[in-house]
Amino acid sequence: MKHIITILVVLFSFQIQAQTATDANVIKTIYTTSLTNGKSYEWLDHLSNQIGGRLSGSLNAERAVEYTKEELEQLGLDKVWLQPVMVPRWVRGAPEFAYVETAPGITTNVNICALGGSIATPNGGLKAEVVEVKGIEELKALGSENIKGKIVFFNRPMQADLINTFQAYGGCVDQRYSGAKEAAKYGALGVIVRSVNLRLDDFPHTGAMSYGDLPNDQRIPSAAISTNDAELLSSMLALNSQLKFYFSQHCKQLKDVQSYNVIGEITGTEFPEEYIVVGGHLDSWDLGDGSHDDGAGVVQSMDVLRLLKESGIQPKRSIRVVLFMNEENGMRGGKKYAEVAKANGEHHVFALESDSGGFTPRGFSFDCSDAVFNKVQQWQALFKPYLIHYFEKGGSGADIGPLKGGDMVLAGLRPDSQRYFDHHHASNDTFEHVNKRELELGAATMTALVYLFDKYGTGTISDISELND
């Protein structure tokens with residue numbers, strides 16, 4: 001019996017080596033195809049330069065829906081369809097304007113932009129003294145006696161010594177999202193928030209904010225100020241605490257409108273009722289053209305299905321690309337997709353999202369069990385030739401998050417993030433800041449992981465523990 005087991009182990013070892021070589025060749029084909037015959041950069045060029053910023057509920061967002069649906073149809077997928085979803089419609093209006101007044105008639109202009117979801121300033125704008133705080137806890141400590149009738153200036157920067165810039169982002173984004181709601185409770189007239197950006201520059205960065213359940217008559221306008229001007233304002237306040245800040249903005253929240261998630265599918269050959277999703281969000285903020293956030297993720301996800309077809313791969317499971325609408329200011333698209341999937345009893349086994357920019361891919365983060373993660377780590381050697389090394393447990397993506405449950409595995413593409421927040425939600429998030437080769441490497445990296453998950457599920461042929469049981 002022992003002799004038979006030894007022979008089986010040897011035969012299985014040869015099988016492992018042969019299968020590993022096969023997978024390595026397939027993955028090499030995927031990368032070669034993406035780098036020499038990719039479509040992601042061409043698609044991004046059109047999204048960015050022919051359509052532009054795609055704020056949820058806008059005409060440009062609808063143009064992006066039409067364009068991506070047509071492009072997916074031209075790939076010869078088995079199914080392409082639009083999934084209706086009601087989305088909020090917030091409009092920026094006329095350009096914002098702001099200045100610091102150190103004495104009557106002596107002013108210095110500064111760069112601001114309204115935060116997404118904010119109300120407008122009163123007609124003629126808003127001018128008041130300023131109180132600077134480093135965060136919401138400091139705001140609460142000052143109380144109404146120091147806040148009432150003033151503009152609150154939230155000036156906590158991103159933590160520069162954190163290598164993970166998304167961790168730094170998470171450490172200060174609460175003042176952008178909840179600052180106005182909290183400041184209004186203490187009688188503030190308005191809020192100015194330091195842009196969430198590690199670099200010192202003149203670009204104000206927008207982003208979602210919320211009033212929670214604050215009544216309409218208690219809501220106050222909220223704007224972001226560029227990091228250079230945040231530094232300037234802070235320095236000026238240190239010299240003159242009685243200076244005044246003026247800003248005007250004309251944004252408005254309109255009624256919800258109908259939009260769509262865009263979905264394309266390659267139907268599986270063996271397990272067509274098991275679904276793998278790859279996606280990004282089609283909407284973007286309106287200041288730039290949304291090339292990094294998240295045009296890159298959209299076109300990479302589209303190219304995953306094209307690369308599978310071009311590489312001659314016939315998936316065992318059904319592979320879907322989902323271009324989610326309204327991630328930036330409501331998450332309606334991700335929630336709707338998960339809701340419909342649940343209502344239809346669909347069995348999703350894996351979802352991968354790209355929403356961290358089009359920079360050089362480094363690897364993936366996985367939201368899964370330890371057992372699954374241990375098996376996924378066995379694929380790392382296949383990615384080593386492409387300098388993909390980051391395999392860590394952690395978050396995945398906002399739009400695929402609602403799918404979480406049961407044995408579902410979620411993952412996020414993790415590009416190098418050091419420059420991402422230079423462009424995030426700002427007017428310099430534009431096509432010329434995306435490198436073609438980096439974008440195509442990301443598309444190939446995503447395709448390779450989808451290929452492996454489709455072929456092996458949450459296991460791998462190199463796991464011979466069952467043989468020894």
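The values are calculated or read from the model by the stated rules, or taken from the named source; none is laboratory data. For clarity, every value in this text was computed on a predicted model and none was experimentally measured. Heads up, the Cβs are rebuilt from the backbone with ideal geometry, glycines too, and the neighbour counts pull from every protein chain shown. Heavy atoms of the whole protein, side chains included, go into the accessibility calculation; ligands, DNA and RNA do not. Shrake-Rupley method; radii C 1.70, N 1.55, O 1.52, S 1.80 Å.
Putting +1 on Lys and Arg Cβ atoms and -1 on Asp and Glu Cβ atoms, find which of VAL85, VAL450, ALA351 reaches farthest to the positive end of the dipole of the chain.
Final value for the positive-end residue is VAL85.
Among VAL196, THR206, LEU233, which residue has its Cα positioned farthest towards the positive end of the charge dipole of the chain, with +1 placed on the Cβ of Lys and Arg, -1 on the Cβ of Asp and Glu, and the dipole taken about the Cα centre?
LEU233
Using only Cα atoms and rounding to the nearest 10 degrees, what angle (0 to 90) does helix 59-74 make with the longest principal axis of the chain?
So the inclination is approximately 10 degrees.
Could you work out how far apart the two model spin labels at HIS46 and LYS309 are, taking each label as a point 7 Å from the Cα in the direction of the beta carbon, and quote it in nm?
Placing both labels 7 Å along Cα→Cβ, they lie 1.3 nm apart.
Out of the DSSP beta bridges found with both residues in the chain, what percent are antiparallel (nearest 5)?
DSSP beta bridges in the chain are roughly 55 percent antiparallel.
In square angstrom, what is the accessible area per residue of the chain with a 1.4 angstrom probe?
Per-residue value: 42 Å².
Each label point is 7 Å from the Cα along the Cα-to-Cβ direction; what then is the distance between the points at GLU101 and GLN218, in nm?
2.9
Is the shape of the stretch 340-441 best called rounded, prolate or oblate, per the rule: a/c under 1.5 gives rounded, else a/b larger than b/c gives prolate, else oblate, with a ≥ b ≥ c the square roots of the Cα gyration tensor eigenvalues?
oblate
Give me the percent of the accessible area of the chain that comes from carbon and sulfur atoms, probe 1.4 Å, all protein chains in place.
Solvent-exposed carbon and sulfur of the chain make up 51 percent of the total.
Any idea how far the Cα center of the stretch 265-298 sits from the one of the stretch 336-396, in Å?
Here the two parts' Cα centres lie 14 Å apart.
On a full-extension model of 0.36 nm per residue, what is the gain between GLN377 and GLU231, subtracting their alpha-carbon distance, rounded to one decimal in nm?
Separation in residues times 0.36 nm, less the Cα-Cα distance, equals 48.2 nm.
Can you compute the charge dipole magnitude of the stretch 251-341 about its Cα centre, using +1 on each Lys and Arg Cβ and -1 on each Asp and Glu Cβ, nothing else charged? Give it in debye, rounded to the nearest 20.
Computed about the Cα centre, the dipole is about 220 debye.
Can you show me the helix-derived [θ] at 222 nm for the chain, built from DSSP H runs with n ≥ 4 at -39,500 (n - 2.57) apiece and divided by the number of residues, rounded to the nearest 500.
Per the formula, -11000 deg cm²/dmol.
Applying 1/(1 + (r/R0)^6) with R0 = 25 Å to the Cβ-Cβ distance of ALA128 and LYS185, what FRET efficiency is obtained, to the nearest 0.05?
About 0.90, to the nearest 0.05.
Pulled fully out, how much extra length does the chain show between GLU145 and TYR386, if you take 0.36 nm times their separation in residues and subtract their Cα-Cα distance?
80.9 nm
May I ask which residue of GLY394, TYR275, THR108 lies farthest towards the positive end of the charge dipole of the chain, with charges of +1 (Lys, Arg) and -1 (Asp, Glu) on Cβ and the Cα centre as origin?
Of the options given, the answer is THR108.
Mind scanning LYS134/LYS181; LYS134/LYS244; LYS316/LYS375; LYS148/LYS252; LYS79/LYS316 and naming the pairs with a C-alpha gap bigger than 22 Å?
Flagged as over cut-off: LYS148/LYS252.
So I have (i) 21, 46, 28, 4; (ii) 24, 49, 22, 4, 0; (iii) 25, 59, 16, 0, and one of them is P(r) over Cα pairs in 20 Å bins from 0, in percent calculated from this model. Which one is it?
Matching the structure shown: (ii).
Where the only charges are on Cβ atoms (+1 Lys, Arg; -1 Asp, Glu), what is the dipole of the stretch 122-182 about its Cα centre, to the nearest 20 debye?
220
Between LEU35 and LEU59, how high is the FRET efficiency from 1/(1 + (r/R0)^6) when r is the Cβ-Cβ distance and R₀ = 30 Å? Nearest 0.05.
About 0.30, to the nearest 0.05.
Going 7 Å from the Cα of ILE163 toward and past its Cβ, which residues in the stretch 384-399 have a backbone nitrogen under 20 Å from where you end up?
384-396
In degrees, nearest 10, range 0 to 90: what is the angle between the Cα axis of helix 436-456 and the longest Cα principal axis of the chain?
Relative to the chain, helix 436-456 is tipped by roughly 50 degrees.
Dipole magnitude of the chain about its Cα centre, charges +1 at Lys/Arg Cβ and -1 at Asp/Glu Cβ only, in debye to the nearest 20?
440
Please give, to one decimal in nm, the separation of the simple spin-label points placed at GLU339 and ASN109, each 7 Å out from Cα toward the Cβ.
Going from the GLU339 label point to the ASN109 one covers 4.4 nm.
Length gain on complete extension for the stretch ASP416 to LEU200, per 0.36 nm per residue less the alpha carbon to alpha carbon distance?
Extra length from ASP416 to LEU200 when fully extended: 75.8 nm.
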